[in-house]
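Read-outs: derived from the displayed coordinates by stated rules, not from any lab. Predicted, not measured: the structure shown is a model, and the values here were computed from it. All Cβ positions, glycine included, derive from the backbone under ideal geometry; neighbour counts span all protein chains shown.
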Amino acid sequence: MSNLIKMNVSCYQNSLDKKLVYNISHRYLNDTEEKLLANGWKFSLNTKKLIHLSIKSELEHIYFILDKRKMLTSNDKKSRIKSLLSYFPSKLNKQLKSDVLNLSPEEKKVISNLLHDKSIIISKADKGNTVEILDKQDYINKGNELLNDKKCFEKISSNLTEQREQSLFKFLLKLKNNKIINEKVYHEMRPNTCSRTLEAYFLVKVHKINQPVRPIIYSNNSYNYNTVKYLAKLLTPAMTFNKPYIKDS
């Protein structure tokens, strides 16, 4: 502690918390707002509400995936899994009722105000776990500037997701029929039906001049997501033996 004081490093929690929040928007953040945002992205709000229909749908999807991947190898196992999944919502409901809320009514109101302010964007910074607040229009302008760079992106007249999904289906089926991949690998790599269109979002480089943004292409559930995931798992061990390989930059 004394060494930190000599180095003029604050030892008070409030000062340390503020380093986790960077506000470059027009909006003034009061102490309560800044303190809440300083909890970071891993902070989870306890809730007493349970959306039963949503949970039931997710549990049914879990069972469907287990069955599809032939992980339910016997009727006893199927019955056991069904029983556990059926019991889960009531157990979760009991747990929620016993949990203590981790935010006061005032703090919940503050969060609601921040969420309903459509003039700002609350974003994760490019590096670290810091929270960045910037004007929404500024965020859009920075994003458009990147997307309009014809060296990196090309504007297309129609959504090609469905067409590419079908092409990948045919290609993987051809590999399977020619015995290049087996049935198990085929099902691991094939896309889910009704694939999601890829989306771009942007992370702010908070320590750079003018706070530029870095584009992130969100590809979860896209037409080639399962294929890329399988190939990454296959190639990663080989890549680590390569001399130029760097684990973290």
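Rounded to the nearest whole Hz, the Karplus-based 3J(HN,Hα) values (6.51 cos²θ - 1.76 cosθ + 1.60, θ = phi - 60°) of region 109-115 follow the sequence 5, 4, 4, 4, 4, 5, 5, with x at glycine and proline. Using a ≥ b ≥ c from the Cα gyration tensor of region 154-249 (square roots of the eigenvalues), is it rounded, prolate or oblate, where a/c under 1.5 gives rounded and otherwise the larger of a/b and b/c decides, a/b for prolate? Oblate shape, in that a/c is at least 1.5 and b/c is the bigger or equal ratio.
In a simple Cβ point-charge model (Lys, Arg +1; Asp, Glu -1; nothing else charged), region 156-236 has a dipole of about 260 debye relative to its Cα centre. Between Asn182 and Leu115, how high is the FRET efficiency from 1/(1 + (r/R0)^6) when r is the Cβ-Cβ distance and R₀ = 41 Å? Nearest 0.05. About 0.30, to the nearest 0.05.
If you keep only loop residues by DSSP, which chymotrypsin sites (Phe, Trp or Tyr not before Pro) in region 147-249 have at most 13 other Cβ atoms within 10 Å of their Cβ? Sparse-neighbourhood loop chymotrypsin sites (Phe, Trp or Tyr not before Pro): Phe153, Phe241, Tyr245. Residue pairs exceeding 29 angstrom between C-alpha atoms, taken from Lys42/Lys109; Lys94/Lys118; Lys68/Lys124; Lys35/Lys142; Lys179/Lys229: Lys94/Lys118; Lys68/Lys124. Label positions at Arg27 and Ser219, each projected 7 Å from the Cα along the C-beta direction, are separated by 3.3 nm. Electrostatic tally near Glu162: other residues with Cβ closer than 14 Å to its Cβ, Lys and Arg +1, Asp and Glu -1, net +2. Here's the picture: charge each Lys and Arg Cβ at +1 and each Asp and Glu Cβ at -1 in region 156-236, and of Ser222, Ile180, Ser167 the one pushed furthest to the positive end of that dipole is Ile180.
The stretch between Glu199 and Ile140, if pulled fully straight at 0.36 nm per residue, gains 19.8 nm over its current Cα-Cα span.
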